[in-house]
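See structure below.
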Amino acid sequence: DGKGNPHISYLRLVPLANIKLMYAQKTGGTGAVEIADNSPIVGYHTSLAVDNQDMPHVSYQAFQSGDLKYAHRSGGTWLVETVDAPGTVGLYTSIAIDSQGNPHISYHDATEAGLKYARKSAGNWTTECVFFPLEFRGQYSSLALDAEDNPHITYSRERLRYAVKTAGTWT
């Protein structure tokens, strides 16, 4: 974060009947761990970004439903949203926060075998296919935003690939 403190999101696997999305933060030499999403069996393919107010934002998959989920902390409360459903979506997520504090997520949709991109603006999520479905694309995505908040995504399909959206078009 802006003060150099580490933040971590992860999947708690033990006990198996109580798998949860977890969040850990260290400030001033003290660590704190909390449950970010208390739903059953969530937290797969987690990615974390910290905004300019040092608030955490996490993208991840709900394993049982396959949905792409998003959690962020507002004050001391975690707010959880479903970004994309149904089907097995939300694999290999990567999250970034734009200059306005809005989340952007790249992820793999295994149901349709494509690389997808979601962003939230004015309180609403929009999702779109980046490459879809000519071949199995979108595994292991990594998302970054440039100075104009344009998304840049690297991903794998047997070799490293790169996609960028400028002026409304993916290349």
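The values are calculated or read from the model by the stated rules, or taken from the named source; none is laboratory data. Note that this is a predicted model, so its numbers are computed, not measured. Every residue, glycine among them, receives a Cβ derived from its backbone with ideal geometry; neighbour counts consider all protein chains shown. Please note that ligands, DNA and RNA were not included when accessible areas were found on the heavy atoms of the full protein model with its side chains. Shrake-Rupley method; radii C 1.70, N 1.55, O 1.52, S 1.80 Å.
Quick one: how many residues across the range 1-21 are surrounded by 10 or more Cβ atoms within 10 Å (Cβ to Cβ), under 16 Å from Ala49 (Cβ atoms) and not hydroxyl-bearing (Ser, Thr, Tyr)? Break it down stepwise before answering.
Filtering the range 1-21 for residues surrounded by 10 or more Cβ atoms within 10 Å (Cβ to Cβ) gives 1, 5-13, 18-21.
Now restrict to residues that are under 16 Å from Ala49 (Cβ atoms): 1, 5-10, 21.
From what's left, not hydroxyl-bearing (Ser, Thr, Tyr): 1, 5-8, 21.
Looking only at that region, the number is 6.
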| For the range 26-70, which residues satisfy the criterion of being open to solvent by less than 40 Å² (accessible area, probe 1.4 Å), in a strand (DSSP E or B) and over 17 Å from Ser142 (Cα atoms)? | Ala36, Asp37, Val42, Gly43, Pro56, Ala62
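Which of the residues that make up the range 96-109 are surrounded by 17 or more Cβ atoms within 10 Å (Cβ to Cβ) and not acidic (Asp, Glu)? Step through it out loud before you land on a result.
We begin by selecting, within the range 96-109, every residue surrounded by 17 or more Cβ atoms within 10 Å (Cβ to Cβ); these are 96-98, 102-109.
Of everything in the range 96-109, those that are surrounded by 17 or more Cβ atoms within 10 Å (Cβ to Cβ) and not acidic (Asp, Glu) turn out to be Ala96, Ile97, Asn102, Pro103, His104, Ile105, Ser106, Tyr107, His108.
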| remark: The condition from (1) modelled with pLDDT under 90; (2) buried (at least 22 other Cβ atoms within 10 Å of the Cβ); (3) part of a strand (DSSP E or B) that Arg137 misses is numbered (3)
| request: Could you list all residues from the range 71-85 that are buried (at least 17 other Cβ atoms within 10 Å of the Cβ) and under 16 Å from His45 (Cβ atoms)? | output: Ala71, Val80, Val83, Asp84
| said: So the check is Cβ under 8 Å with 6+ separation or different chains; which pairs have a first residue in the range 1-20 that's touching a residue at least 40 places away in the same chain (Cβ under 8 Å) and small (Gly, Ala, Ser) and a second one that's part of a loop (DSSP other than H, G, I, E, B) and surrounded by 13 or more Cβ atoms within 10 Å (Cβ to Cβ)? | reply: Gly2/Asp54
| query | How many residues does the range 97-119 hold that are among the hydrophobic types (A, V, I, L, M, F, W, C) and part of a loop (DSSP other than H, G, I, E, B)? | reply | 2
| field | Residue that is farthest from Leu79 (Cα to Cα) [pool: residues in the range 110-124 that are surrounded by 17 or more Cβ atoms within 10 Å (Cβ to Cβ) and modelled with pLDDT of 90 or more] | value | Leu115
| query | Looking at Ser74, Ser59, which is the one that is modelled with pLDDT of 95 or more, of a type in the set (S, T, N, Q) and within 30 Å of Lys3 (Cβ to Cβ)? | reply | Ser59
